[in-house]
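Before any comments, here is the structure.
The values are calculated or read from the model by the stated rules, or taken from the named source; none is laboratory data. What you see is a predicted model, and the numbers here were worked out from it, not measured in a lab. Ideal geometry is used to build each Cβ from the backbone, glycine not excepted, and the neighbour counts take in all protein chains shown.
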Amino acid sequence: MKATFDGTAVRLGNEGRVLYEQSGYGRLEHDGVKLSDQEALYLHHRQKIEVSGYTFNSLFSRFAERPGFLRSFLVYRDLRERGYVVQAGPHDFRVFKRGEKPGTGESLYLIRVLSERDPIRFVKLIEEVVASRNMRKQYILAVVDDEEELTYYEIKLQKLAESCDHIPAVMAHDTMLVGKSAMVLVAPHSDLEQSGFGKRLDDERLMLAPVELLYLIGKGIIELKKDGITVGKEEYFALAGETDGELAEKNKVYTELRGHNFIPRTGYKFGHHFRVYCGKNVHSDMLVHAVEKEASLPMSAISRSVRMAHSVKKKMLFGAVHTTGIQFVEFARIKL
């Protein structure tokens, strides 16, 4: 089938309508079909069309001058060869259910194409996921690495369900400031331990981490003292924050998790802020990392996080802290 390229787009005459009607290629115009760059190159590669004056190599070279074209073509080709109909969408592509196409079917996925070095801006990511959800579509990141391999990630905005067992009430305790941690004199199997707080130093003493201490002070359960003088929450926060630049975000995410009856413990061994338990489960259910909503993380760092979580059979969530609250963003690798 003959096609022409006018410097802006590849077009087919009326005979191209069969490609649109049968396989969902292109957009209908009054005198034929307009193809996207990815569609045109893919059809040329499959020898479905010939573009006047261009070989596949020369057309590829022309299109590749446009930023991001190579990776978007690789994703387009992969999706097509998986049996999906693909068109340009609100982000990069919209992908139809297998066997469906424009005009007769409904799109299933909205896909954003990234390279492994692209930063993830959480505020923008959340906006795009919300927009996709409002359109009842699944939001997918398609990431192309430096060896042109593809990885797909499903992104969900998670609302924490109150599905965990109720955590036992904790009695009031006096606590002694020890460095930037705190020490409570309680017997083994105390109410604090049963509610998931602290780490036992010995049979008489329980140590509380800064986020635990801030939470318990805020709830009026703990009164922190140094040399017999009460240390307030703001004073302690300033002290602990001297060596922890992420304390503000960690504290807000910790408090939110506790508010849903989850038990957060340090996730240092997994490279994240928290490992999170539900009820009396022996193994943690999630890894959670606190970030500012305006923060950016490289996609390579997020990939490492997801792989780690998957290897230990946990969900990977980022708690994006904003003035209006905390949005938990889940990343999960999927196979389309």
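Hey, does region 70-91 have a residue that's closer than 24 Å to GLU116 by Cα, in contact with a His (Cβ under 9 Å, 6 or more places away or on another chain) and surrounded by fewer than 21 Cβ atoms within 10 Å (Cβ to Cβ)? Within region 70-91 (the criterion being closer than 24 Å to GLU116 by Cα, in contact with a His (Cβ under 9 Å, 6 or more places away or on another chain) and surrounded by fewer than 21 Cβ atoms within 10 Å (Cβ to Cβ)), the answer is yes, since at least one residue qualifies. With respect to the conditions (1) part of a helix (DSSP H, G or I); (2) exposed (fewer than 15 other Cβ atoms within 10 Å of the Cβ); (3) among the small types (Gly, Ala, Ser), GLY105 lacks only one, and its number is (1). Say whether the condition of being hydrophobic (A, V, I, L, M, F, W, C), farther than 24 Å from LYS233 by Cα and touching a residue at least 24 places away in the same chain (Cβ under 8 Å) is met by at least one residue in region 164-179. The answer is yes, given that some residue of region 164-179 is hydrophobic (A, V, I, L, M, F, W, C), farther than 24 Å from LYS233 by Cα and touching a residue at least 24 places away in the same chain (Cβ under 8 Å).
Among the residues making up region 141-173, those that are of a type in the set (Gly, Ala, Ser) and modelled with pLDDT under 95 are ALA161, SER163, ALA169, ALA172.
Residue selection: GLU154 fails the criterion of being surrounded by 11 or more Cβ atoms within 10 Å (Cβ to Cβ), in a helix (DSSP H, G or I) and not aliphatic (A, V, I, L, M). Residues that are surrounded by 15 or more Cβ atoms within 10 Å (Cβ to Cβ), among the small types (Gly, Ala, Ser) and not in a loop (DSSP other than H, G, I, E, B) do not occur anywhere in region 53-68. Looking only at residues in region 298-319 that are part of a strand (DSSP E or B) and modelled with pLDDT under 95, the one that is surrounded by the fewest Cβ atoms within 10 Å (Cβ to Cβ) is PRO298. Out of the residues in region 14-31 that are surrounded by 14 or more Cβ atoms within 10 Å (Cβ to Cβ) and touching an Asp or Glu at 6+ places or on another chain (Cβ under 8 Å), state the one that is farthest from GLU81 (Cα to Cα). If we take residues in region 14-31 being surrounded by 14 or more Cβ atoms within 10 Å (Cβ to Cβ) and touching an Asp or Glu at 6+ places or on another chain (Cβ under 8 Å), then GLY26 is farthest from GLU81 (Cα to Cα).
MET316 fulfils the conditions (1) in the same structural domain as ALA182 (by TED's automatic domain parsing); (2) of a type outside the set (Phe, Trp, Tyr); (3) under 30 Å from LEU79 (Cα atoms) except for a single criterion, (1).
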